[in-house]
Amino acid sequence: MLAGLIFATDDADDRVGTLAATLPFGGLTLIEFQARLLIGAGVSQLLVVVTRLTPELLGAIARIGRRGASVDVVRTAVEAADKLHPLARVLVLADGLVTTGDVLSLLTEEGGDALLTVSDLEAAPGFERVGAETAWAGVARLDAKRVAEVAAMPKDYDFQSTLLRVAAQGEAAHVRLPAALSGGAHGIERDSRALAARGTIMLAVLVSKPVVWADRYILAPLARLALPPLMARTVHSMAVAASGIVLGLAAVAAIFFDRAAPGIALAILAILVFTIGAALSWLRDEEPLAAFQRNAIPGMAALAALLLGHVTSTSDDTATGWTLGIAAVVAAALAERAAGPGAKRRWWGSPVAYLLIMLPLSIAGMPLIALAAAGAYATTTLAAAIEGLRDRP
């Protein structure tokens with residue numbers, strides 16, 4: 001059983017009477033973001049350690065409870081030990097911690113007590129030292145008995161610091177935080193302005209992982225440029241999704257009325273907007289909207305190819321366009337399925353890559369060659385993906 005322990009005891013540095021855990025973060029509160037990461041890591045029980053309950057914290061806890069995990073509020077180590085199953089493994093997040101799912105995954109595997117650490121020279125403000133040259137990076141995996149050991153100590157001890165000392169004295173393993181893994185988004189923040197800035201970094205991390213060339217060198221950089229101003233102006237996620245839909249409809253209309261090049265360009269722009277919107281919706285805990293936009297990306301590319309094939313076949317009174325369009329879409333879908341997550345190579349195709357291949361040929365007035373080129377690219381990607389499947393153990 002995997003449980004989560006979140007500390008929400010310290011006040012914000014720049015807002016008197018406001019808990020740092022309830023500061024705004026990407027349309028949520030920080031504690032809601034932390035809870036999402038823990039639930040995503042497989043946590044089924046959440047304990048929130050508080051010293052006082054504020055209306056903002058009560059609202060955040062109620063919203064967390066609607067995500068399917070049980071949530072208990074505790075004030076002391078004694079209460080926490082009573083709530084935890086004796087055999088539970090506990091993922092601990094420090095008060096005010098901002099991190100990513102990739103960082104958290106370092107400690108979600110089976111194993112004994114472990115502390116996420118950085119060198120003292122790399123330690124961000126708020127990281128507690130656990131050795132002469134080592135600082136705790138705010139995440140720990142502990143046995144439930146460690147909480148019980150803290151519960152047996154005097155009640156005036158600070159729960160978080162004492163739990164850390166107990167773990168360190170129990171010779172918990174040190175798991176070093178790779179600098180490249182956090183993308184600069186990992187740290188402890190209790191200042192609202194600094195937290196907002198770190199939220200911008202978090203957005204950049206969300207869109208910086210694509211492997212395929214078109215997504216990595218075109219979509220991701222443009223999305224990183226667009227996301228910070230959208231966040232700063234608190235643009236609604238639905239407005240971004242609606243913009244993508246409008247652009248997609250405009251692309252469909254342009255291709256249908258035999259304006260292939262503008263239509264494909266609009267389809268590429270719609271995919272960019274959906275990429276931005278999916279990241280924005282994910283951060284704001286709007287998973288259905290994020291999933292819709294993620295699915296709309298390949299859907300937009302497939303619709304553009306099929307419609308271009310239909311228009312070309314209707315115009316030429318042949319089945320060539322239909323055949324090429326369907327073949328390209330089927331090959332691309334099979335390649336995506338065969339590749340699987342994390343198994344792609346830089347040169348492989350992707351929805352936006354196929355459209356980028358088609359765009360210059362459409363501008364040159366060669367829609368059939370554009371479809372044939374996209375289909376050949378998708379087929380080559382599929383062949384490489386199948387070969388990769390054979391090489392896997």
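No value in this document is a laboratory result; all are computed from the given coordinates. In this text, all values refer to a predicted model and were calculated from it rather than measured experimentally. Reconstructed Cβ throughout: ideal geometry from the backbone, glycine too, with neighbour counts over all protein chains shown.
Database remark: amide H of residue 98 closer than 5 angstrom to the amide H of 187, 188, 189 (H placed geometrically; neighbours at sequence offset of 5 or more, or on other chains; Pro and chain starts carry no H). Note on residue 345 and residue 102: with the Förster distance fixed at 25 Å, the Cβ-Cβ geometry gives a FRET efficiency of about 0.75. Put simply, the Cα atoms of the stretch 295-338 extend 34, 19, 6 Å along their principal axes, the longest span coming first. Proximity of backbone amide H atoms, modeled 1.01 Å from N, is registered between residue 129 and 136 at under 5 Å, excluding neighbours fewer than 5 places apart on the same chain. Karplus-derived 3J(HN,Hα) values for the stretch 157-166, using 6.51 cos²θ - 1.76 cosθ + 1.60 with θ = phi - 60°, are 6, 5, 4, 4, 5, 5, 4, 5, 5, 4 Hz; glycine and proline are entered as x. A simple rule links phi to the HN-Hα coupling: the Karplus curve 6.51 cos²θ - 1.76 cosθ + 1.60 with θ = phi - 60°, which for the stretch 355-361 gives 5, 5, 5, 6, 4, x, 5 Hz, with x for Gly and Pro. Please return the longest stretch of the chain lacking exposed loop sites, where GluC sites (Glu not before Pro) count only if DSSP places them in a loop and at most 12 other Cβ atoms lie within 10 Å. Excluding the exposed sites themselves, the longest stretch runs over 172-393. The trypsin sites (Lys or Arg not before Pro) found in the stretch 52-123 that occupy coil by DSSP, while having at most 12 further C-beta atoms within 10 Å, are 52, 66. Computing Rg and the Kirkwood Rh from the Cα coordinates of the stretch 135-245 gives a ratio, Rg/Rh, of 1.14.
For the stretch 101-160, the ratio of Cα radius of gyration to the globular rule of thumb 2.2 N^0.38 Å stands at 1.26. For the stretch 137-154, putting each phi into the Karplus relation 6.51 cos²θ - 1.76 cosθ + 1.60 with θ = phi - 60° gives couplings of 8, x, 10, 9, 10, 10, 6, 4, 5, 5, 5, 5, 5, 5, 4, 7, 8, x Hz, in residue order, rounded to whole numbers and with x for Gly and Pro. What the Cα convex hull of the stretch 302-393 gives, in volume per residue, is 79 Å³. Mean-square fluctuations from a GNM of the chain, with a 10 angstrom spring cutoff on Cα atoms, peak among 339, 20, 241 at 339.
Taken over the stretch 63-208, the alpha-carbon convex hull comes to 137 cubic angstrom per residue. Placing a pseudo-label 7 Å from each Cα along the Cα-to-Cβ vector at residue 233 and residue 15 gives an inter-label distance of 2.3 nm. The alpha carbon convex hull volume per residue for the stretch 1-146 rounds to 118 Å³.
The simple Förster model, with R0 at 25 Å and r as the Cβ-Cβ distance, assigns residue 257 and residue 295 a FRET efficiency of 0.45. Helix 260-283 and the long axis of the chain differ in direction by around 10°, with both axes built from C-alpha atoms. In this structure, the amide hydrogen of residue 7, modeled 1.01 Å from its nitrogen in the peptide plane, lies closer than 5 angstrom to those of 49, 93, 95, counting only residues at least 5 positions away or on a different chain. Relative to 2.2 N^0.38 Å, what does the C-alpha radius of gyration of the chain come to as a ratio? Two decimals please. Ratio of Rg to 2.2 N^0.38 Å for the chain: 1.17.
In plain terms, if you count all Cα to Cα distances in the stretch 123-187 and split them into 10 Å steps from zero, the share in each step is 18, 48, 28, 5, 0 percent. The orientation-averaged projected area of the convex hull spanned by the Cα atoms of the stretch 230-387 comes to 9.4 nm².
Summing charges over neighbours of residue 172, with a neighbour being any other residue whose Cβ is under 11 Å away from its Cβ, gives 0 when K and R count +1 and D and E count -1. According to the Cα-based calculation, Rg over Rh for the stretch 61-149 is 0.98, with Rh computed by the Kirkwood formula.
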